[in-house]
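Asks: Following this message is one structure expressed as structure tokens.
The values are calculated or read from the model by the stated rules, or taken from the named source; none is laboratory data. What you see is a predicted model; the values in this text were computed from it and never measured. Neighbour counts are summed over all protein chains in view; Cβ atoms, including those assigned to glycine, are modelled from backbone coordinates with ideal geometry. To get the accessible areas, we keep the full protein, side chains included, count just its heavy atoms, and leave off ligands, DNA and RNA. Shrake-Rupley method; radii C 1.70, N 1.55, O 1.52, S 1.80 Å.
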Amino acid sequence: TLAERREEIETQLRRDQAQALLETRARELDELAFENPEALTIAATELGLDIATIEGVTRDGGDDVFAQPAAREALFETKVLDDGENSPAITLPDDRVVVVRVAKRFDPEPQPLADVREAIESLLTEERATAALDAAFADARATLSDPAASVSVVADELGSRWETFSNVARAGTSDVPNAVIAEAFQLATPAADGRAIGEADLPGGARALVTVTAVRPGDWSALSEAERASLTSFAANRAARLDFDGLYRSIEDDASISRLISDPLSQPDGV
């Protein structure tokens, strides 16, 4: 009865509202970081956020948010690392949304073998394990490309379990990791009798194989005016970002123009 499910429904509604608010704030952060690419202070002030400086980040690892590959990849993008701009807003697997930039850059330096031997051995072990996992996932994806293949059998072969979710919205649910939802909504729409296949990195170094068997289009008319306005603004800013980048690169290539910017490595703010 409704009375019996009231608490469950109220909890889900609060969760949905929190997720919608998070997405709205993420879009606002993305827009402010794009409109003010030279620093993080304006975005932080406008949204009441803190700026944190994290040292010792490399392509292979880092503390806090940079323990996540997505944050490190964004930091080492050319526009962020070399041009000194803010990254787009990044949603991490633990639901945090961040923008990163370079505060100070250090050139690589050789280290004594004795100091790095243990790290090298650990890295080699990790690389072998990753290679084995990559091969297993590649085999699993090849198997699942056959619509008649059983997902449960593939999960058993991987020594894991298969979970099935229905009617999952882009806004998400507590039962499905955000990384899985993000991957699912990036996949191509599957054929009527097939499945789209992808992968998602989960917190703690785990990895998930993601399949989508059916897609139901969203209902624009069901959105509130605020949600429509937020999505429209986000799409317009994304388009503007792409248009500006394309125009700038075209002018730079045709006219041999170089951009004059202040030294991004001397900026005091960073994430």
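Asks: Choose one answer from Pro147, Pro69, Pro93: the residue with the largest mean-square fluctuation in a GNM of the chain with alpha-carbon springs under 10 Å.
Replies: For the chain, modelled as a Gaussian network with Cα springs under 10 Å, the answer is Pro147.
Asks: DSSP loop GluC sites (Glu not before Pro) in the stretch 60-90 with at most 16 other Cβ atoms within 10 Å of their Cβ, which ones? Let's see the in-between values first.
Replies: On the way: sites: Glu73, Glu77, Glu85; in loops: Glu77, Glu85.
Passing both the DSSP loop test and the Cβ count: Glu77.
Asks: Test of understanding: in a Gaussian network model of the chain with alpha carbons linked when under 10 Å, which of Leu75, Leu223, Leu22 would top the mean-square fluctuation ranking?
Replies: Leu223
Asks: Can you name the helices of the chain, as whole DSSP H runs, whose Cα span along the helix axis is 30 Å or more and whose Kyte-Doolittle mean is not below 0.0? Each step should come with its number before you reach the end.
Replies: Numbers: long enough: 2-35 (48 Å, -1.02); 113-144 (45 Å, 0.24); 225-255 (44 Å, -0.54).
Qualifying helices: 113-144.
Asks: Just the number please: accessible area per residue for the stretch 58-107, 1.4 Å probe, all protein chains included, in Å².
Replies: Details: 2500 Å² over 50 residues.
It amounts to 50 Å² per residue over the stretch 58-107.
Asks: What does the stretch 5-75 give for Rg and for Dmax, in Å, if only its C-alpha atoms count?
Replies: Gyration radius and largest Cα-Cα distance of the stretch 5-75: 16.4, 50 Å.
Asks: The stretch 111-176: which trypsin sites (Lys or Arg not before Pro) are DSSP loop and have at most 13 other beta-carbon atoms within 10 angstrom? Don't skip to the answer; put the middle values down first.
Replies: Details: sites: Arg117, Arg128, Arg141, Arg161, Arg170; in loops: Arg161, Arg170.
The qualifying sites are Arg161, Arg170.
Asks: Pick from Asp50, Asp16, Asp30 the residue whose mean-square fluctuation is largest in a GNM of the chain, springs joining Cα atoms under 10 Å.
Replies: For the chain, modelled as a Gaussian network with Cα springs under 10 Å, the answer is Asp50.
Asks: Among the trypsin sites (Lys or Arg not before Pro) in the stretch 1-97, which ones are in a DSSP loop with at most 11 other Cβ atoms within 10 Å of the Cβ? Mind listing them? List each step's numbers first, then the result.
Replies: On the way: sites: Arg5, Arg6, Arg14, Arg15, Arg25, Arg27, Arg59, Arg72, Lys79, Arg96; in loops: Arg59, Arg96.
Counting only loop positions with at most 11 other Cβ atoms within 10 Å, the trypsin sites (Lys or Arg not before Pro) in the stretch 1-97 are Arg59.
Asks: Here is a follow-up. Whole number in Å², please: accessible area per residue of the stretch 124-176, 1.4 Å probe, ligands, DNA and RNA not counted. Spell out each step's value before the answer.
Replies: Numbers: 3690 Å² over 53 residues.
Value returned for the stretch 124-176: 70 Å² of accessible area per residue.
Asks: With the alpha-carbon atoms as the only input, what is the per residue convex hull volume for the stretch 97-157 in Å³? Don't skip to the end; give the middle numbers.
Replies: Working: hull volume 11.7 nm³, N = 61.
Looking at the stretch 97-157, the number lands at 191 Å³ per residue.
Asks: What part of the accessible area of the chain, given as a whole %, is carbon or sulfur when the probe is 1.4 angstrom? Write out the running numbers ahead of the final one.
Replies: Details: 9440 of 17900 Å².
Solvent-exposed carbon and sulfur of the chain make up 53 percent of the total.
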